[in-house]
Amino acid sequence: MSGVDEPPASEPNESPAADQDEMPPSQTDGGVATEQAVELPSGPGGHSPLQQVATVTRQEYALSVRNRWALALTVLFASLSLLVVALAGQNGIVRPDAIVVSLVELATLLLPLVALLFGYDAIVGSEEAGWLGMLFALPVPRRRVVLGTYLGRLAVFVGAVVIGFGGGGVWLALVGLLTPAYLGLIGASALAGASFLALALVVSTLAAEKTHALGGTLLLWVWVALVHDLVSVGVIAAGLVPSEWLAAFVLANPATVFRVLALQSVPTVTGGMAEILVGTGLTTPVLVAALLAWSIGPVWLAGRLVSRRSV
């Protein structure tokens, strides 16, 4: 109509596609946006399963290092080995075999406890912190997240064992007393640590809260480190089962397997429970295979159980 000013034409709105292009990449899970801090794509254009596991492993390793776990574990094992070596040389005569036996007896109690405490919150603790939910929201099978979490913590623990016990080994090497038995102790400790980390992973997967997981791991430590061997030998001594069953009892406890494996390289082991257990006749390959089974089996079980966990 003449005489009436027409309103200025408004600028066309930007298309939804343009708005979406400017938004930062994120994922939504049930209406909750989560930043994709760890890129683990799957499918034909994504990363391979090995790359996905490796990414989670690196992330878990970095978190453990950032939380000072790597430093604390290394200092703990280094202090233990150096203290035993120093005490063994106080009278001027250093017996390398006695050092190995002393370290084995102490590590049989300490190593399972430290490994279980290091791994008890691997799953349930990450869930309470909100980190697990973010990982499970990514297009990655949960079992690979569990495997990567285990391998990341295992790398920290094995590194602490090798560097920590290696400190005592360097001292012995400087005085010309480093023996294959001491090197065997380091290897056996790494395998045993892998076994107990795997068991802690299962407990952490089953527990609903961190306090439940902590209580479960402490009960497990009491059994494997204090009760199992006494019950096994007592049952055989009472004649309830044949003495041939002792080898089966040894293989049923990763702490006992570690003890026997670490002492096999020592020329003489006299007295006490150690002499009874070493006399089972189990060979080194069988003992190593047992510790590997105690490492692989629980991790596989945790991967199966975590699929039923609601996060």
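The values are calculated or read from the model by the stated rules, or taken from the named source; none is laboratory data. Note that the coordinates shown come from a computational prediction; the quantities given were computed from them, not determined experimentally. Cβ atoms come from the backbone with ideal geometry, glycine included; neighbour counts cover every protein chain shown. We work out accessible area using only protein heavy atoms, side chains counted, and drop any ligands, DNA or RNA first. Shrake-Rupley method; radii C 1.70, N 1.55, O 1.52, S 1.80 Å.
The one condition from (1) open to solvent by less than 30 Å² (accessible area, probe 1.4 Å); (2) farther than 26 Å from Pro267 by Cβ; (3) assigned to a helix (DSSP H, G or I) that Val65 does not meet is (1). The condition of being under 24 Å from Thr74 (Cβ atoms), open to solvent by 10 Å² or more (accessible area, probe 1.4 Å) and over 16 Å from the mean Cα position of the chain (by Cα) holds for only one of Leu174, Leu199, that being Leu174. As a summary of the residue check, Val233 satisfies the conditions (1) open to solvent by 30 Å² or more (accessible area, probe 1.4 Å); (2) in contact with a Leu (Cβ under 8 Å, 6 or more places away or on another chain); (3) closer than 23 Å to Ala88 by Cβ except for the one numbered (3).
Rundown of residues vs (1) modelled with pLDDT under 95; (2) open to solvent by 60 Å² or more (accessible area, probe 1.4 Å), yes/no style:
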{"residue": "Leu218", "(1), (2)": "no, yes"}
{"residue": "Trp223", "(1), (2)": "no, yes"}
{"residue": "Glu244", "(1), (2)": "yes, yes"}
{"residue": "Ala247", "(1), (2)": "yes, no"}
{"residue": "Arg259", "(1), (2)": "yes, no"}
{"residue": "Leu263", "(1), (2)": "yes, no"}
{"residue": "Pro267", "(1), (2)": "yes, yes"}
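Pairing each residue of the stretch 276-300 that is closer than 26 Å to Leu154 by Cα with any residue that is among the hydroxyl-bearing types (Ser, Thr, Tyr), provided the two are 6+ apart or on different chains, yields C-beta distances under 6 Å for Leu291/Ser195; Trp294/Ser195; Ser295/Ser195; Val299/Tyr150. Yes or no: Ala122 modelled with pLDDT of 90 or more and closer than 23 Å to Val203 by Cα? Taking the combined requirement at face value, the residue satisfies it.
Taking into account only those residues within the stretch 68-85 that are of a type in the set (A, V, I, L, M, F, W, C) and open to solvent by 40 Å² or more (accessible area, probe 1.4 Å), which is farthest from Ala190 (Cα to Cα)?
As a first pass, look at the stretch 68-85 and keep what is of a type in the set (A, V, I, L, M, F, W, C): 69-73, 75-78, 80, 82-85.
Filter again for open to solvent by 40 Å² or more (accessible area, probe 1.4 Å), leaving 69, 71-72, 75-76, 82-83.
Working: Trp69: 16, Leu71: 17, Ala72: 16, Val75: 16, Leu76: 15, Leu82: 18, Leu83: 20 Å.
Step by step, filter the stretch 68-85, then rank; the result is Leu83.
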